[in-house]
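Let me begin by presenting the structure, written as structure tokens, before commenting on it.
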Amino acid sequence: MNKEQKTLLARIIIAAVFWVPLFLISEGLVPLRLPKAALIALFLVPYLVAGFDVLREVAEGIIHGEVFDEDFLMAVATIGAIVLGEYAEGVAVMLLFQIGELFQDFAVEKSRRNISALMDIRPDFACLETEDGERRVDPSEVAVGSVVIVRPGEKVPLDGVVIDGSSALNVSALTGESRPREVGPEDEVLSGTVSLSGVLRIRTTTEFGESTASRILDLVENAASRKSRSESFITRFAKVYTPVVCFAALALAVLPPLISTLAGHGGAEVWREWIFRACTMLVISCPCALVISVPLGFFAGLGGASGQGILIKGSNYLEALGRVRAVALDKTGTVTKGNFAVEAVHHSPLGDAEMLEFAALAECHSSHPISRSLKEAFGKYADPARVGGVEEISGEGVLARVDGRSVALGNEKLMARVGAEAIPCRSVGTIIHMALDGAYCGHIVISDEVKPTSAEAVAELKKAGVTRAVMLTGDSPAAAEKVAEAVGIKEYRAGLLPADKVAFVEELLGECGKNEALAFVGDGINDAPVLARADVGIAMGALGSDAAVEAADVVLMDDDPLKLAKAIRISRRCVRIVRENVVFALAVKLVCLALGALGIANMWVATAADVGVMILAVLNAIRCLFVKRL
């Protein structure tokens, strides 16, 4: 409980302690009679103690021209009740309204804590290794390639590679995964994780501003600014609804008694009755339940998802996830691990070692998983000084000059471009053809491993209501068919260039129904245009490229495709709860408004319709936080 909440709770308790005996006295339940002026003065004490900040907000709103809001409705209604002699009811309404506000603050704080837990991943310092020993510095001061030391209990300050030591890392803040992850030399580590058991020496690979922790914090901090259609509607609705209610209450207070007066049946008691009905109407119609519960529901949904390693960049994307009926998945790095390894070299007149040397040198400037596998297969240092004139051709491969010789490395399209006749390969995998000085000199077979959860992820997507799953890849049809069959995907497209993926996604979007959405899942730089074009772009965050994470609407921090179905289920549950709150709040208020206008509902019923409905709606919205078992 923060300081403001403690202050409000203290004021509520003090006001309640004053109100109870005054209520008993005013109702004649204790043998004590007070002058009317004294009773009014005494009732004003708990009223001002409980409602001081509400009255202050109303005054400031009037000064700044922002009059019509729930505080204004409550102030007018309670002051009206006190003026009409209903002192106990007027104070009770203000007191219960503040209890509802306190409860709402607690609920929002609970949702905020779930997201704020992510803020703890921000490292406080980096222990930098220098020639003069160790030195604690701000993580933003550490250059790429520096060595930092992380001891047990300390956060990894920047992304990097372990060069010495081993430890178990707590990665729950990033991925929601409770089981520690063991790391040792040559393993990649992400900033924001915590060393549990050993000392690590890490060579940094990113600047602090580009580290995983910074990217996550940026995503979380900006998420609240992107509102869903439901939130935007409620905001517009409240701006129109509140002044309409105020003028309707004014009409209810003036027109019926005025008509009665003109008809000869008026009097002070008639005016008092209709003014009291108008005040009751104001309390009933207060839009607190809608204005609070709808944003709170989405906020809680974002917090619950982030706790599971699913970062959603705004409630508009959370809402769109619930409409997803078709999913297109990139193969490499999404369905498969992206851990490529050279399996064989075929039809090479050079010999395997020399061919791998040319391939590794041609790809020495690339960080693509396939390029890394070629360099690892070469097993020696690929000296960039031996390479010049590198030209990457999107969707085909790379042209380079190695030791003065022209090397073309890529698919059959690239071979056709340089006039070399490629020999087809019957092996399943990624086939990298090579031409040297325009002459074909064989191909390299590279295989990839399917992620262990991919098949289960596809099955869970179907259970979550996804009716169409398509795998897209630039790989060969044979490799695509093998992976699709292994994970249970019936539809796939192979041999696609980045532009082809965008075109196919456009086609899928055209086939989606009016209230249906398409999600695309990818991790590479070449996936960025498709991620941006889909209704919902989902990026693999841990291994995905910066461009993919930037273009995506949702980021899966542990690269587990099983989280796809979970994200969709979280969205649908959140949207369902929000709709329940809207229907429930409006239904109760409409019924009570009718009863209030007819004089059947009094101020106590009005309070139940306002504060009671708000508390129930907030409790329902809080359910969006609990998503672990979805």
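Side notes on the structure shown:
- Residue under evaluation T453, criteria (1) buried (at least 22 other Cβ atoms within 10 Å of the Cβ); (2) closer than 19 Å to N339 by Cα, criterion not met: (1)
- Checking each residue in the range 1-45 for being under 19 Å from Y87 (Cα atoms), part of a helix (DSSP H, G or I) and in contact (Cβ under 8 Å) with a residue 60 or more places away in the chain picks out R11, I12, A15, A16, W19, L22, F23, S26.
- Which numbered condition A606 fails, given (1) part of a helix (DSSP H, G or I); (2) surrounded by fewer than 22 Cβ atoms within 10 Å (Cβ to Cβ): (2)
- Test: residue in the range 572-581 that is crowded, with 23+ Cβ neighbours inside 10 Å, more than 30 Å from L531 (Cβ to Cβ) and not assigned by TED's automatic domain parsing to the domain that holds A464: yes
- Residue count, the range 184-203 (criterion: assigned to a loop (DSSP other than H, G, I, E, B) and either farther than 10 Å from G160 by Cα or of a type in the set (G, A, S) (or both)): 9
- Filter result for the condition that a residue is basic (K, R), at pLDDT 80 or above and under 24 Å from F247 (Cα atoms), over R56, R11: R56
- In the range 211-223, the count of residues that are over 24 Å from the mean Cα position of the chain (by Cα) and either on the phi < 0 side of the Ramachandran plot or at pLDDT below 80 (or both) is zero.
- I310 meets the stated requirement of being crowded, with 24+ Cβ neighbours inside 10 Å, more than 20 Å from V582 (Cα to Cα) and touching a residue at least 12 places away in the same chain (Cβ under 8 Å).
- Search result, residues across the range 291-313 that are assigned to a loop (DSSP other than H, G, I, E, B) and of a type in the set (G, A, S): G307, G309
- Enumeration of residues in the range 353-372 that are touching a helix residue (DSSP H, G or I) at 6+ places or on another chain (Cβ under 9 Å) and charged (D, E, K, R): E357, E363
- Restricted to helices (runs of 4 or more DSSP H) entirely inside the range 470-574, those with at least 3 residues that are under 17 Å from the mean Cα position of the chain (by Cα) and at pLDDT below 90 are 546-551.
- Within the range 43-51, not a single residue is surrounded by fewer than 19 Cβ atoms within 10 Å (Cβ to Cβ) and at pLDDT below 90.
- When L619, L564 are screened for being in contact (Cβ under 8 Å) with a residue 60 or more places away in the chain, out of contact with any Phe, Trp or Tyr (no Cβ under 8 Å at 6 or more places or on another chain) and surrounded by 21 or more Cβ atoms within 10 Å (Cβ to Cβ), only L564 passes.
- Check on V407, more than 24 Å from A479 (Cα to Cα), crowded, with 23+ Cβ neighbours inside 10 Å and outside the structural domain of V458 (by TED's automatic domain parsing): yes
The values are calculated or read from the model by the stated rules, or taken from the named source; none is laboratory data. Here the structure is a predicted model, which is why all the values come from computation and not from measurement. Quick reminder, even Gly has a Cβ in these numbers, built from the backbone with ideal geometry, and neighbours come from all protein chains shown.
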